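A.B. asks: One structure coming up, written as structure tokens, with questions to follow.
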Amino acid sequence: MNKKNVVILYGGRSTEHEVSLRSACFVLKNLNQHKYNIFAIGINHSGEWIPQNTNKMLTNIEKLDFLPIEYSENSQSENWMEENIAKALLPIIKTIKDGENEGKEETVVFPIIHGSYGEDGCLQGLLEMSSLPYVGADTLSSAICMDKVVAKELVKSVGINVVPYITFRRHEWDKRHTEIMLQIEQQFKSSVFIKPASLGSSIGASMVYANDLSSLVTAIEHAFQFDEKVIVEKFINAREIQFAALGDYDPEISEAGEINYGGSFYSYGTKYLNENFSQSEIPVNLPKTKVKEGQNICKKVFKVLQIYGLARIDLFLSKDDDKYYFNEANTIPGLTSVSQYAQLWKHHGVEHSHLMDRLIEIAISRKEQRKKLKRAYK
């Protein structure tokens, strides 16, 4: 049987660049080399697509915690995407097509780029135009889930609870910041979370008191450094419960996991920089009926947000009213050595290498379905 070609895309023009390097390392470690011809393209902060020496990476992979992006003889000195963005994949695709079994192997792209230009639909649109099967949500769903405000509005439309929030853009803040601060103080009264509307890994997020005007302004200005839209969300006394979804448009939902971080909120440093921190409990200490309720909510979230392939869905479980509240859905969840997504499936007996296999199979299945669609009307 011919090996499939798997192209890992990682890095990217995002504040979550370093998280992507860690996730890509996990993916590379767990792809079965007997099943796949493995290629990698690193995308640096400037947006250059740089083919990597995958054989060299695999030789040293067990020693690595993250995949570096190294320039090679084939690297371009300028941002060659500007001339024709579709050519970005050519070095790898050409290598594949120049092989002995031209046209016989399936080529699948595994995008593991978190945040802007990777998780927000931009990259997915490029891959759709390239007619390449790829792991994860499509252009529409990626864009929806990346914007926390849009996702919350859609989830509310099917009767799922969300934590009270307000949102505003940079131009609104500049014109009426006094009015907005008064609204925050009157509506929320106690602590609030302030974060960019379209970013992950808790980057740009802060927790402040609604009546602490100086800290409020500082937190909002900080969030605006990363996005032109900000969300201010009421703090609720809750447990953070996470579920992993795996499958096509009707996925399996994992057991529940709980985040235990021992601080005011689950910050970037706690997630990725504190190696001695035990971040999760799997399975979570909840009645089976409550776990089932959470799984059913995740099914509804997956459907209304049009997700495909995989997602980690984060819920709050209020300690005051015992109700679930939707937090967010991550269409390219962290896949580092401490990330929840793979750990939740491992609890179900899905080893990391098998998880990679499933994701690749699901990506190919979508491509086969879409190949049947008519692209011309006669």
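A.B. asks: For a quick check of understanding: with a 1.4 angstrom probe and all protein chains in place, what accessible area in square angstrom does Val338 have, to the nearest ten?
C.D. replies: Its accessible surface works out to 60 Å², give or take rounding.
A.B. asks: Now for a separate question. Calculate, in nm to one decimal, what Asp322 and Val163 gain on full extension: separation in residues at 0.36 nm each, minus their alpha carbon distance.
C.D. replies: Value of the extension gain: 55.9 nm.
A.B. asks: Could you do me a favour and compute the accessible area per residue for the range 275-378, 1.4 Å probe, result in Å²?
C.D. replies: Per-residue value: 52 Å².
A.B. asks: Separate question: Where does the chain land at 222 nm, in deg cm²/dmol rounded to the nearest 500, when only DSSP H runs of n ≥ 4 count, each adding -39500 (n - 2.57), divided by all residues?
C.D. replies: It lands at -11000 deg cm²/dmol.
A.B. asks: Next up: What whole-number value in Å² describes the accessible area per residue of the range 114-210 for a 1.4 Å probe?
C.D. replies: 41
A.B. asks: Please work out whether the range 175-240 counts as rounded, prolate or oblate from its C-alpha gyration tensor, where a ≥ b ≥ c are the square roots of the eigenvalues and a/c under 1.5 means rounded, while otherwise a/b larger than b/c means prolate and anything else oblate?
C.D. replies: oblate
A.B. asks: Of all accessible surface on the chain at a 1.4 Å probe, what whole percent is carbon and sulfur?
C.D. replies: Its accessible area is 48 percent carbon and sulfur atoms.
A.B. asks: Where both residues lie in the chain, what percent of DSSP beta bridges are antiparallel, nearest 5?
C.D. replies: Around 75 percent of the beta bridges assigned by DSSP in the chain are antiparallel ones.
A.B. asks: Between 0 and 90 degrees, rounded to the nearest ten: what's the tilt of helix 352-371 against the longest Cα principal axis of the chain?
C.D. replies: 80
A.B. asks: Just to confirm the number: angle between the C-alpha axis of helix 213-224 and the first principal axis of the chain, 0 to 90 degrees, nearest 10?
C.D. replies: So the helix axis and the longest Cα principal axis differ by about 20 degrees.
A.B. asks: When the Cα centres of the range 33-59 and the range 214-240 are compared, how far apart do they sit, in Å?
C.D. replies: Their Cα centres are 36 Å away from one another.
A.B. asks: Of the cross-linked pairs Lys152/Lys374; Lys195/Lys371; Lys148/Lys189; Lys4/Lys63; Lys189/Lys290; Lys229/Lys319, which ones have a Cα-Cα span greater than 28 Å in the structure shown?
C.D. replies: Lys152/Lys374; Lys195/Lys371; Lys189/Lys290; Lys229/Lys319
The values are calculated or read from the model by the stated rules, or taken from the named source; none is laboratory data. If you're wondering where the values come from, they're calculated on a predicted model, not measured in any experiment. Each accessible area value is taken on the protein alone, full model and side chains, heavy atoms only, with ligands, DNA and RNA left out. Shrake-Rupley method; radii C 1.70, N 1.55, O 1.52, S 1.80 Å.
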